[in-house]
Amino acid sequence: MLDLLDSDTLPALLSAGLVSNFESLVPLAELTLSTQPLVDNMQKVYTQAIKDSIAEGYGVEVSEDVATAAMSEHLSKVNSFNKTTQNEVANALGAAAVAKDEDGGDIDIAMKLLLAATLVKAVFKKLRNSRKSLIVDAAVYGPYNQGLYDSVESRPDRGVSINKRWIFIKDEKVRMSHRQLHGDSVPVGSPFFVQGVPIRFPKDPLAPASLTINCRCVLKFTR
């Protein structure tokens, strides 16, 4: 992705001194391709959760339609992450384009290119540093909890005799709203409520990001 710094178009856009359409230099298709391993891992984790649910005697296999819908929900989260990355890179290039010297005058194109390279590399350095936590956060907890949930929901009786329980990881990073949910038990088909918002399971991809990002809570079942 850093190849964009060698783009023939970039110097022209930077020299214009405007916050131009830099997003065109950061195609979402390329970002999506770079996160394919993350998506593949989601699929593996989701499948493993179904196997675990069956082994524990709560769940059953899920249909292809259910599995496809689940992956689509998590893929939308990955695409949201990619869009954020695209915006951050475009903003970095935009900042370089309108940069001024200490007297408020224009800087030459060579300095703008150097600044652009520095800012864009900083964006990707931040991404690399957060990659490990991102994989655990986005590609493990959400798909695993959904695999458990879908497996029980796919029972012929829709899991009417089974309750789901919210369990949080006991450390200082847990949201207060999630601490308050710890141990709460509801029928499988009923939602938990976090700050008044219905959530099917911890890390539900359909829930607002503000209530799920960095969530490491897990789902348990009881009869």
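For the pair R155 and V197, what calculated FRET efficiency results from E = 1/(1 + (r/R0)^6), where r is the Cβ-Cβ distance and R0 = 25 Å, to the nearest 0.05?
It comes out at approximately 0.45.
If R0 is 41 Å, what FRET efficiency do you get for A12 and I213 from their C-beta distance, rounded to 0.05?
0.65
Using θ = phi - 60° and the Karplus form 6.51 cos²θ - 1.76 cosθ + 1.60, what ³J(HN,Hα) does each residue of segment 156-164 get, whole Hz, x for Gly and Pro?
For segment 156-164, the Karplus curve yields x, 8, 6, x, 5, 9, 10, 10, 10 Hz.
Once you have the Cα-Cα distance between V186 and D101, take 0.36 nm times their residue separation minus that, and quote the gain in nm to one decimal.
24.5 nm
Distance in nm between label sites at L33 and T222, each 7 Å beyond Cα in the beta-carbon direction?
Taking the two extended label points, one gets 5.0 nm.
For a quick check: with amide H placed at 1.01 Å from N, whose amide H comes under 5 Å from F221's, ignoring anything fewer than 5 positions away on the same chain?
R165
So which of K100/K126; K44/K125; K77/K125; K83/K220; K126/K220 end up more than 23 Å apart by C-alpha?
Exceeds cut-off: K100/K126; K44/K125; K83/K220; K126/K220.
Order of K83, K203, K77, K125 from fewest to most other C-beta atoms within 10 Å?
In order of increasing Cβ crowding within 10 Å: K125, K83, K77, K203.
For the pair E73 and A110, how long in nm is the line joining their label points, each one 7 Å along Cα→Cβ?
5.6 nm
Out of residues 5 or more away from V194 or on other chains, whose amide H comes under 5 Å of its own, with H placed 1.01 Å from N in the peptide plane?
Under 5 Å from the amide H of V194: I199.
Taking neighbour counts of Cβ atoms within 10 Å as a proxy for exposure, in what order, fewest first, do D40, D150, D103 appear?
Ranked by crowding around the Cβ, least crowded first: D103, D40, D150.
Taken together, the values in this text are just the output of simple stated rules run on the coordinates, not laboratory data. Small disclaimer: the values here were computed from a predicted structure and weren't measured. All Cβ positions, glycine included, derive from the backbone under ideal geometry; neighbour counts span all protein chains shown.
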